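Heads up, the thing below is written out as structure tokens.
The values are calculated or read from the model by the stated rules, or taken from the named source; none is laboratory data. Keep in mind that this is a model prediction, so the values were computed, not measured. No Cβ is skipped: glycine too gets one built from the backbone with ideal geometry, and neighbour counts run over all protein chains shown. Areas reflect the complete protein model, heavy atoms only, side chains present, ligands, DNA and RNA absent. Shrake-Rupley method; radii C 1.70, N 1.55, O 1.52, S 1.80 Å.
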Amino acid sequence: MTTPAAEPLALLAAADPRTAAGLCELACDALGAAAAAVTSCGPAGAAVLAAVERRGAGRLPGLPPGSYADAAARGAAGLAGHVRVPLRGRDGEPLGALDAVAAEPLAVGPGALRLLDLAAAALARDLEVDALRAAAARRARLQVGLADLRRRSAAGARVEEVLAGGARLVAEALGADGWQVLQLVGWAPQRTAVRPWPGVTAPVRRGPGAWSRDLTARALACGGVLEPGRPEEPSLVVVLASPQGPVGLLALHRDAPRSSTPEELQLAASVGELLGSSVALRESEDGLERREELKRLLLDLATRFTSLAPDDVHRSIDRALADVGAHLGCALVALHRVSGDGAAVRPTHRWAAPDADTDAQVPVEDPEWLEAVLTGRSVVLRASPARPHPLLVVPLRVDGRATGAVTLVRDALSSPWQEDIPARLLPLGAALAGATARMHAVNALHESERRYRDVVDSVADIIVHAGPDGQVAFINRAWTEFTGLSLEETVGGDPLRRIHPDDKAVAAAHLHAAITGTDDGSAREVRMYAHDGSVRWMEVKGRALRDDEGALAGFSGIVHDVTERREAEARVRRAAEQAEQARREAEQARDEAEQARDEAERARDEAERSSRAKSEFLSRMSHELRTPLNAILGFGQLLQLADLAEEDGENVDQILRAGRHLLDLINEVLDVVRIESGALTLSIEAVDVGDVVAESLDLVRTAAGARGITLRAPARRCGLLALADRQRLKQVLINLLSNTVKYGRDDGESVVRCEVLPPDRAPQDLADPGFGWLRLSVADDGRGIPADRIKDVFTPFERLGAETTSIEGSGVGLSVTRTLVEALGGRVDLCSEQGRGTTFWVDLPLAEAPTSCPVPAGAGAVGDAAGAPGPRRTVLYVEDNPSNVMLVRRVLSRRPHLHLVVAHDGADGLEEAARSAPDLVLLDLHLPSVPGQEVLAALREHADPALREVPVVVVSADVSAGTEARVLAAGATAFLPKPLDVRHLLEVLDERVPVS
């Protein structure tokens, strides 16, 4: 059905233009539409304001009943015709749209469009009027509500009620669906921490977790009202501002987001200022009340502490801390004391609120807190990352000295302290300081009295105090122990009741003299009855006690038991008489002893002189003997190297044998001298026993072969190490093996064994070496030693059976052997059976591992130098003995490439060395003019680099202990003892100055 286009104005006039339903119906009739709808696109978004179905529209297929506003819904309904006309206000602002739809195409002509425009204008005007009416109604309600809010705030309503009412008014006026009031907390200058305002509940959609410090900071920065604009944040944030600054925030939440009008923002800001001022006013009033309450509380505490008994101080301090902490809303209150030397702080009292933060603590390591406590300053310490809780330190001072502090700890999110609180709490510190000082003074007095009583009771003497009337007022424990009378039985009684009757007069006179001031200060000795009825001598000494005016206040005395002293004095007198007699006898004995001592000292000095003379004689003689013996053995060795007739060779062998025997005697004599003089030096190390045994056997093998004696020994590498001096161990083995060769049976055998001793066979009289014991034994099958002579085997210069045998020897070899073994920390012994043979054994400590691995040097054949002599090389020999020079000259004749130059004293030797530039120097030590030691030093410090490096071989008969080590340390290349071993000398020459 259609409506003629010529009648749009009549149709419009027939309709009610102020009714949205009538306009919609008119539009439908004019267009032949099935339905029309008005859609608002104002601040709230796509909300349908009104919708009307044309009469009979239900017959159209697919047309949903009721209203619709979405093109998608229209398309789904299968509608073919659709016309939309925008609705705009007078200022052109979009207000919505008018939609007409039908199942068939609409008959849209100029008249119909004109009709639609007029209908749209009327609808827009209607919408504006309705909006203005609604806004006016809301403003009226808000003004009424604000007036009521001011009235209730002025009437003293609770802050929480005022905040809740104001929040509801703003939410209703701005179309908010929910709200929440937040309190600003914290101590930072720019407080950005918030929490729900205690006691104010609201239908909030989001909790405090949707907030952030950034959001709060932005709201505070804008100063009034903030529209955050983020979906996860509130729609509107209103700052509750007061003249003192912001106190909180009001968050408004809209389910359907829209922008607020300037009028709405101004309205919200005004309400925020009203609520903030109300809160500030109420807090100011509450602060005045709290100040008065705190003043009354501190006055009560000061009064209470003034009259406290010392035993009640601790309980009163705990109560005071609890009262102050609860009044000021603290989480923790603690009292700390400063040590007497001001170097340490310790806690003494502590109170914590029942609902306090469990992390609230006093930061005793905080430098600022510690400095405030030790210096006695009142200070507020704000919260920081290192100090999570704000603190207030109230000092305790006595006579200007810091004695402690009260520390008040608040929750980290609490409001700041009022500015005057630190000063107002100073009386609390003064009251606590005075109370604790009095308590400590009383305790110190009690402790002093206790210590005095302990000291007096620990004294063994009796201490008595009597009053001016002469009656006993005080006694110590010694009185009870002596008399058996308790303090109660004695105090108030006669102080002379235990005095012996014969001595009471003396004691009374002493007491009277002390009281009257005529006493001379000397002690009296009287007898007193002890608790067992015995009589003891007591020394009594006392003095009068007077007050500040000089009046008699009593008598103080000390009674000391001198019974034992008097008995001792009697004994001393008797002993003195006896001692006098003994003294005279002792003087006589002393004179005799001194005479005997003088004789003994003379004998000792004589023996020492004799021993030194013997040692010096033996040493000098051995040295003097070695010098000619050097020529004998040296020239004998040269003859032995020559081609001699058989008889001449045997003669030379006899000379060498006798010379070597004489050398052995001299060496043994030197060993005796060293041992007796204590100059024996040892180099203890891990020694391979197999090597030492093998080397020792090699040295005696020729002598053993001459008698047909077979030598048996373990393998050279037995793997056992002994802790010993290698040279001295070798000397011990050679001595023992030489004995077996000397006293063994012809064509017999000598057996050397090496074993580790089990613990049950180890020496029990020697210290445990740590790794066990090693035993070396040398056994022969000779004639043995008589049992009655075994004890003499190790006696020096004692040769068993020397009178019946032609065997050569000095009788000191075994004595030296025992001394050397004992010096090595071991033991030597023997067993012998006459006719069967003798076994000597040596026990030495085992070593863990060798410190060196000695390798025997191979001895090459000694003869004439092979090959062409080449250029001749110079050897300088500094020697004053002609026979020694001749010997060395003959030896060097076997080395044609060597030219010998001789200097007969040290000075000539240095000049010749500078002149001839020798390739090697042979140097004697005992030289005229300049000794050999100084010649060696001069060569090593010579200006000529070649002379500083020339090899120097010391050749000397001085083989005393340390000589070789000294010359080698001074720079000598080698040390050759006299008599010279010709083969060894040639080996040194071949090594140091070989054929060029």
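I'd like the Karplus ³J(HN,Hα) series for segment 389-399: coefficients 6.51, -1.76, 1.60, θ = phi - 60°, whole numbers in Hz, and an x wherever there's a Gly or Pro.
Those phi angles translate into 10, x, 10, 10, 9, 10, x, 10, 10, 10, 6 Hz.
Assuming R0 = 45 Å, what is the FRET efficiency of GLU577 and ASP494, from their Cβ-Cβ distance, to the nearest 0.05?
The value I calculate is 0.60.
Sorting check: for 899-906, 872-879, which peptide has the highest mean count of neighbouring beta carbons within 10 Å, and how do the rest follow?
The packing order, highest mean first, is 872-879, 899-906.
Placing +1 at every Lys and Arg Cβ and -1 at every Asp and Glu Cβ, with all other atoms neutral, what dipole size does segment 459-561 have around its Cα centre, in debye to the nearest 20?
I would put it at about 180 debye.
Measuring from the lowest to the highest alpha carbon on each principal axis, how far does segment 459-561 reach, largest first, in angstroms?
43, 27, 23
Which of THR518, TRP537, ASN476 sits closest to the plus end of the dipole of segment 459-561, meaning its Cα is farthest towards the positive end, when Lys and Arg get +1 and Asp and Glu get -1 on the C-beta?
The listed residue farthest towards the positive side: TRP537.
When you count, for each residue, the other Cβ atoms within 10 Å and take the mean per peptide, how do 880-888, 586-594, 298-306 rank with the highest first?
880-888, 298-306, 586-594
Long-range amide H contacts for ALA903: which residues qualify at under 5 Å (H placed 1.01 Å from N, peptide plane, sequence gap of 5 or more or a different chain)?
Answer set, sorted by chain and number: TYR877, VAL878, GLU879.
Stretch SER534-ARG753 to full length: gain in nm at 0.36 nm per residue minus the Cα-Cα span?
Result for the pair: 70.6 nm of gain on full extension.
To the nearest 20 debye, what charge dipole does segment 873-993 have about its Cα centre, counting +1 at the Cβ of each Lys and Arg and -1 at the Cβ of each Asp and Glu?
400
Among VAL955, HIS897, PRO945, which residue has its Cα positioned farthest towards the positive end of the charge dipole of segment 873-993, with +1 placed on the Cβ of Lys and Arg, -1 on the Cβ of Asp and Glu, and the dipole taken about the Cα centre?
Value computed over the given set: HIS897.
Calculate the dipole size of segment 285-443 relative to its Cα centre from +1 charges on Lys and Arg beta carbons and -1 charges on Asp and Glu beta carbons; express the result in debye to the nearest 20.
500
Could you work out how much longer the chain between GLN834 and ASP598 gets when fully extended? Use 0.36 nm per residue separation minus the Cα distance between them, nm to one decimal.
80.0 nm
In nm, give the distance between the simple-model label positions of ALA551 and THR375, each being 7 Å from the Cα along the Cα-to-Cβ direction.
5.4
For ARG90 and VAL398, calculate 0.36 nm times their separation in residues minus their Cα-Cα distance, and state this gained length in nm to one decimal.
Roughly 102.6 nm would be gained on extension.
Say R0 is 30 Å: what FRET efficiency, to the nearest 0.05, do GLU227 and ARG168 get from their beta-carbon distance?
Taking R0 as 30 Å, the efficiency between GLU227 and ARG168 is 0.90.
Can you compute 3J(HN,Hα) from phi for each residue in segment 577-589, using the Karplus curve 6.51 cos²θ - 1.76 cosθ + 1.60 with θ = phi - 60°, rounded to whole Hz and x for Gly and Pro?
5, 5, 5, 4, 5, 5, 4, 5, 5, 5, 4, 5, 5
Tell me the carbon and sulfur percent of the accessible area for segment 285-443, rounded to whole percent, probe radius 1.4 Å.
The nonpolar share, carbon plus sulfur, comes to 54 percent.
Can you list the residues, at least 5 places off or on another chain, whose amide H is less than 5 Å from the amide H of ALA713, using H built in the peptide plane?
Counting only residues 5 or more places away or on other chains, the set is VAL752.
Roll a 1.4 Å probe over the protein chains and send me the accessible area per residue for segment 285-443 in Å².
That works out to 50 Å² per residue.
Please list, in chain and number order, the residues 5+ apart from GLY404 or on another chain whose amide H is under 5 Å from its amide H, with Hs placed from the backbone.
VAL338, LEU396
Karplus couplings for segment 231-236 from phi (6.51 cos²θ - 1.76 cosθ + 1.60, θ = phi - 60°), rounded to Hz, Gly and Pro as x?
3J(HN,Hα) across segment 231-236, in whole Hz: x, 7, 9, x, 6, 8.
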